[in-house]
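Novice: One structure coming up, written as structure tokens, with questions to follow.
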Amino acid sequence: MRTEHYRPELHLTAETGVLDAPAAVLLDGDTWHVFHQYRPHPEAPSRWGHQFSEDTPYEWEECDDVLAPAEGESTVRAGSVAAIDGGLNLYFTSVTKQNGSRQTTEIHLARIDNLPATTADLSEDPLAVDSQVRRLGPVVGDKTGAQAGIVNFRSPCVVPDWVTDEDRSEGHAGWLMLAVTGTMEEPGLAMLHSQDGQEWLFQGALRFEGATGIDPQARIVSPRILRLRDEVDGRIRDVLLVTLESEGIDVSGYLVGHLHEAVFTVSSPFNRIDYGHDFTRPRNTTFTVGTMEEDDRFDRAAIVGQLNGVGRLDDPTTHRSLATEGWANAMSIPRVTTLQGGVLFQTPAAGLVEQITHTQRAQSWTGLSEVPEGSSVTVELIDAAGAPAARISHRGSTLVLDRSMNPHHTGDAPASAPLAEGDSDSLTIIVDGSTVEVFADGGAVSMASRVYIEGGCSEIRVQESGSARVERSFQRSAGSLDTSRLPDWAEDELDAEF
């Protein structure tokens, strides 16, 4: 019987220690790979771990680590991966200290030529570094941006460039890198280009054309780029994922537009990507050649985030999960993402519902409701003692996730999100250990929060108020023997193919 009530079974966590952030996600055929920045214990320097899951992204197995501080490095931080020439390039942030305390950062490159070999013949040493990984050294440093006075390159995102920007249907050639630069207090963004993924040329500091909707005082960090075809007008758009550090919290979101060299022309300003208490630093999923059909590669994407609301300012030693079970932080489930009229829609990746039946504690509930203004459908998550641990309320025009009645979250303000009029009043809730993820109105709104539920979630209780009515609902719980097909109406809400 499982004794760790807080550790999720479907969400990725570090086996021990602190998960600082997902570094990169890769889909290779039917196998998901996650490379993540973590610390074996809170005082240790960061390194890169590696986990994989076959067929669905819900059964994670640990591999040997792929990166650890070496050759004078004080730590290694997040970056991205790119499938190039039959192998995998790992771009990461190398941090060194000079003159005793001053930190400098560069972007380094490592290489895995045989990715499947990293999932076999694993070491018994939990801190072993995989022998399949070859370090190739620095590729972007202060000299790269010297003429523009730009230094401290870090947090790289590498994506394919276009054959021609005028006609994106002609496909890709070369590579683009989006990186953070400057100081931690005043970070900037910069663009670079490479023909082969190793020699990089500086294109310039990223400049926005049009209103971004971002507070000028906010610090933009952890940027990522994905490309999606808007289902409304059929055009391939650039989606810039960013995290804003402001007043001690992280707010993650996206801008939609067109990226050309170092200019991003905004067509849809900043929107939050998740309205919960704990979602930050979203990452896009890359894939190997042949994994996606050419005609489908811009129709959808998959993104993940870190379930931690304050990012790098967090003190993991305050986490109840670290004190009682030896781990802190989790990664969100992968969300299949589409673009509709400049708005991202997110739905849990396929296989979740069946996988819940193979767990010991996870649960999900999906309902279609009619919720007029002034009415509500409220879903309570009940702990082992029969007390509410959290409430999720669909109020027609607003979605609210409240965990303040929980003694472990006393004083926390409820998280809320606006809901558009005329959307379907749908609601999906996934409870897995101390993670709660909510998707509303067909994926137009998502909320993720950590909730410490004593003894685990014993029941999902639904209440209607006013003239609100739950017209159809569907529930899955741990240990269920019923793995039959989802009802047709629930498929689009809960089980999206990538």
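Novice: With every protein chain left in place, what is the accessible area per residue of the stretch 17-332 in square angstrom, probe 1.4 Å?
Specialist: 41 Å²
Novice: Right, something else. Which one, G253, V379, H358, projects farthest toward the positive side of the charge dipole computed for the chain from Cβ point charges (K/R +1, D/E -1)?
Specialist: The Cα lying farthest towards the positive end belongs to G253.
Novice: Between L12 and residues 5 or more places away or on another chain, which pairs have amide H atoms under 5 Å apart, with H built 1.01 Å from N, and which residues are they?
Specialist: Long-range HN contacts for L12: M331.
Novice: Over the stretch 349-490, give the accessible area per residue in Å² for a 1.4 Å probe, as an integer.
Specialist: On the way: 5450 Å² over 142 residues.
Result: 38 Å² of accessible area for each residue.
Novice: What is the gain in length, in nm to one decimal, between A205 and K97 on full extension, counting 0.36 nm per residue of separation less the C-alpha to C-alpha distance? Mind showing how you got there, number by number?
Specialist: Numbers: separation 108, 0.36 × 108 = 38.88 nm, distance 2.50 nm.
Taking A205 through K97 to full extension adds about 36.4 nm, to one decimal.
Novice: For the stretch 17-332, what is the charge dipole size about the Cα centre, in debye to the nearest 20, if Lys and Arg each add +1 at the Cβ and Asp and Glu each add -1 at the Cβ?
Specialist: Working: 25 positive and 50 negative charges, 230 e Å.
The dipole of the stretch 17-332 has a size of about 1100 debye.
Novice: Here's something else I'd like to know. Using the Karplus curve 6.51 cos²θ - 1.76 cosθ + 1.60 with θ = phi - 60°, work out ³J(HN,Hα) for each residue of the stretch 260-272 in order, rounded to whole Hz, and write x for Gly and Pro.
Specialist: 9, 6, 10, 10, 10, 8, 7, 9, 9, x, 3, 10, 5
Novice: Mean 1/r over all different Cα pairs, inverted: what Kirkwood radius does the stretch 361-484 give, in Å? Before the final figure, lay out the partial values.
Specialist: Working: mean 1/r = 0.0687 Å⁻¹.
Taking every pair of different Cα atoms in the stretch 361-484, averaging 1/r and inverting gives 14.6 Å.
Novice: Label the stretch 61-206 by shape, choosing from rounded, prolate and oblate, from the square roots a ≥ b ≥ c of the eigenvalues of the Cα gyration tensor; if a/c is under 1.5 it is rounded, and otherwise prolate applies when a/b is larger than b/c, oblate when it is not. The partial results should precede the final answer.
Specialist: On the way: a/c = 2.50, a/b = 1.14, b/c = 2.20.
Taking the square roots of the gyration eigenvalues as a ≥ b ≥ c, the stretch 61-206 is oblate.
Novice: Also, quick follow-up: Along the principal axes of its C-alpha atoms, what lengths does the stretch 39-78 span, in descending order and rounded to whole Å?
Specialist: If we take the Cα atoms of the stretch 39-78, the spans are 39, 20, 16 Å.
Novice: Tell me, what % of the accessible area of the stretch 325-444 is carbon and sulfur with a 1.4 angstrom probe?
Specialist: Numbers: 1600 of 3440 Å².
Roughly 46 percent of what the probe reaches on the stretch 325-444 is carbon or sulfur.
Novice: Would you give the gap between the C-alpha center of the stretch 421-484 and the C-alpha center of the stretch 349-375, rounded to a whole Å?
Specialist: 4 Å
Novice: At 7 Å along Cα-to-Cβ for each site, give me the label-to-label distance between E71 and E464 in nm.
Specialist: 6.6 nm
Novice: Hey, another quick one. Looking only at Cα atoms, what is the convex hull volume of the stretch 17-332 per residue, in Å³?
Specialist: Each residue corresponds to 144 Å³ of Cα convex hull volume.
Novice: Right, next: Measure of size requested: the Rg and Dmax of the stretch 2-100, with Cα atoms as the atom set and Å as the unit; please supply both.
Specialist: Considering the stretch 2-100 through its Cα atoms, Rg and Dmax are 14.7, 49 Å.
Novice: Would you pull out the residues with amide H under 5 Å of S267's amide H, same chain only if 5 or more places away, H placed 1.01 Å from N?
Specialist: Here V256, G257, H258 satisfy the definition.
Novice: On to the next question. What shape does the stretch 430-498 have by the C-alpha gyration tensor, where a ≥ b ≥ c are the square roots of the eigenvalues, rounded means a/c under 1.5, and otherwise prolate means a/b greater than b/c and oblate the rest? Can you show the working numbers first?
Specialist: On the way: a/c = 1.29, a/b = 1.12, b/c = 1.16.
Taking the square roots of the gyration eigenvalues as a ≥ b ≥ c, the stretch 430-498 is rounded.
Novice: According to the square roots a ≥ b ≥ c of the eigenvalues of the Cα gyration tensor, what is the shape class of the stretch 149-204, taking rounded for a/c under 1.5, prolate for a/b larger than b/c otherwise, and oblate for the remainder? Mind dumping the intermediate values first?
Specialist: Values: a/c = 2.86, a/b = 2.28, b/c = 1.26.
Prolate.
Novice: Would you mind telling me the antiparallel percentage of the DSSP bridges in the stretch 17-332, rounded to 5? Could the numbers behind the result be given before it?
Specialist: Details: 93 of 102 bridges.
For the stretch 17-332, the DSSP antiparallel bridge percentage is about 90.
Novice: While we're on this one: Give me the dipole magnitude in Debye, nearest 20, for the stretch 361-484 about the Cα centre, with unit charges on the beta carbon: positive for Lys and Arg, negative for Asp and Glu. Mind dumping the intermediate values first?
Specialist: On the way: 9 positive and 17 negative charges, 54 e Å.
Value, rounded to 20: 260 debye.
Novice: For the stretch 198-214, what does the Karplus curve 6.51 cos²θ - 1.76 cosθ + 1.60, with θ = phi - 60°, yield as ³J(HN,Hα) per residue in whole Hz, taken in order and with x for Gly and Pro?
Specialist: Once θ is set to phi - 60°, the couplings for the stretch 198-214 become 10, 9, 10, 10, 6, 9, x, 5, 5, 10, 9, 10, x, 6, 8, x, 9 Hz.
The values are calculated or read from the model by the stated rules, or taken from the named source; none is laboratory data. Computed from a predicted structure; not experimentally measured. Quick reminder, even Gly has a Cβ in these numbers, built from the backbone with ideal geometry, and neighbours come from all protein chains shown. Quick note on the areas: whole protein, heavy atoms, side chains included, nothing else; ligands and nucleic acids left out. Shrake-Rupley method; radii C 1.70, N 1.55, O 1.52, S 1.80 Å.
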